[in-house]
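Some notes on the structure that comes next.
The values are calculated or read from the model by the stated rules, or taken from the named source; none is laboratory data. Note that the coordinates shown come from a computational prediction; the quantities given were computed from them, not determined experimentally. SASA here: full protein model, heavy atoms, side chains in, ligands and nucleic acids out. Shrake-Rupley method; radii C 1.70, N 1.55, O 1.52, S 1.80 Å.
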Amino acid sequence: MLVSPSLLAADFSNLGKDIEIINNSEADMLHLDVMDGVFVPNISFGFPVMEAVAEVCTKPLDVHLMIVEPEKWISQVRDLGADIMNIHQETCTHLYSTVCHIREAGMKAGVTLCPATPVSVLEDIITELDMVLLMSVEPGFGGQKFIPHTLEKVRRLRELIDKTGSKALIEIDGGVNQKTGSELAHAGADILVAGSYVFKAPSPAEAIATLKSY
Ligand code: DX5
Ligand code: ZN
């Protein structure tokens, strides 16, 4: 299993310390949640903070944009050195061309779906995607309860990917812990995002290692 700890649950008064923990852990990447107070009812952090994080983080950056008009920010996200740019299907009118532009900029393109958005909306572009990020909570806040229906969505997405020969990885975000992580692994997930489970643990490195073992 690949693991992408979410910085949203880190200690914002001491980000350097928490990034060092991630650098020294088995984490495969670092998940950065950008919120605009429009698409989601919360505001997290923006480019100045992410630039500082990128300076010290040695893991690939997995950027999750919970913002309207994500297509406006492709070059800024690329300039951060991001590996993956995830945009929400619900915020993007011309999803196909935005995905193409993200890939032309040299990043992996991920499309994120809210809990109420069916996997079927991706049928016609699944072969163009590097990643599908399924939200297992409503986007906007950490520490929410996992929505069990996500397991069925993972199975449906796995079927679509296998049927079409798409190379897209399945990433899950929200309420991931020891129990739901194991269930998601069995359902066919490739990458687990975890905020609270990692950063509120007595040992974040051990929490990451537990998810990695699935
Ligand atoms: C929520 C964010 C998540 C969040 C997950 O909108 O996209 O990445 O940090 O937090 P936990 O793991 O605490 O549910
Ligand atoms: Zn996220």
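Between the stretch 54-132 and the stretch 10-25, the alpha-carbon centres lie 25 Å apart.
Stretching Asp11 away from Val68 to a fully extended chain increases their span by 17.9 nm, per 0.36 nm per residue minus the current alpha-carbon distance. For the chain, the solvent-accessible area with a 1.4 angstrom probe is 43 square angstrom per residue. Largest GNM mean-square fluctuation among Lys59, Lys167, Lys72, using the chain with Cα springs under 10 Å: Lys72.
Just checking the listed ones, Ile67, Ile172, Ile125: in the Gaussian network model of the chain with Cα springs under 10 Å, the one fluctuating most is Ile125.
Helices meeting the span-like rule in the chain (full DSSP H runs, Cα extent of at least 20 Å along the helix axis, mean Kyte-Doolittle score of -1.0 or higher): 150-164. Round to a whole number: what % of the accessible area of the chain belongs to carbon and sulfur, probe 1.4 Å? Summing carbon and sulfur atoms, their accessible area is 52 percent of the total for the chain. The three principal axes of the C-alpha atoms in the stretch 44-138 carry coordinate ranges of 39, 29, 22 Å, sorted with the longest axis first.
Could you order Thr127, Thr58 by accessible surface area, starting with the largest, using a probe radius of 1.4 Å?
I get Thr58, Thr127, largest accessible area first.
Could you list log10 I(q)/I(0) for the stretch 2-212 at q = 0.10, 0.14, 0.18 Å⁻¹, which the Debye formula gives when each Cα is one point scatterer? After summing over all Cα pairs, the log10 values are -0.37, -0.77, -1.35.
Using the Cα coordinates of the stretch 1-73, the gyration tensor eigenvalues translate into equivalent-ellipsoid semi-axes of 22, 13, 11 Å, sorted from longest to shortest.
Give the shape of the stretch 92-182 as rounded, prolate or oblate, defined through the alpha-carbon gyration tensor: a ≥ b ≥ c are the square roots of its eigenvalues, a/c under 1.5 means rounded, and otherwise the shape is prolate if a/b is larger than b/c and oblate if not. It is prolate, given that a/c is not under 1.5 and a/b is the larger ratio.
Can you classify the stretch 140-181 as rounded, prolate or oblate using the Cα gyration tensor, where a ≥ b ≥ c are the square roots of its eigenvalues, rounded means a/c under 1.5, and otherwise it's prolate if a/b beats b/c and oblate if not?
Numbers: a/c = 2.75, a/b = 2.25, b/c = 1.23.
Since a/c reaches 1.5 and a/b is larger than b/c, the shape of the stretch 140-181 is classed as prolate.
Only beta bridges with both residues in the chain are counted; by DSSP, about 5 percent of them are antiparallel.
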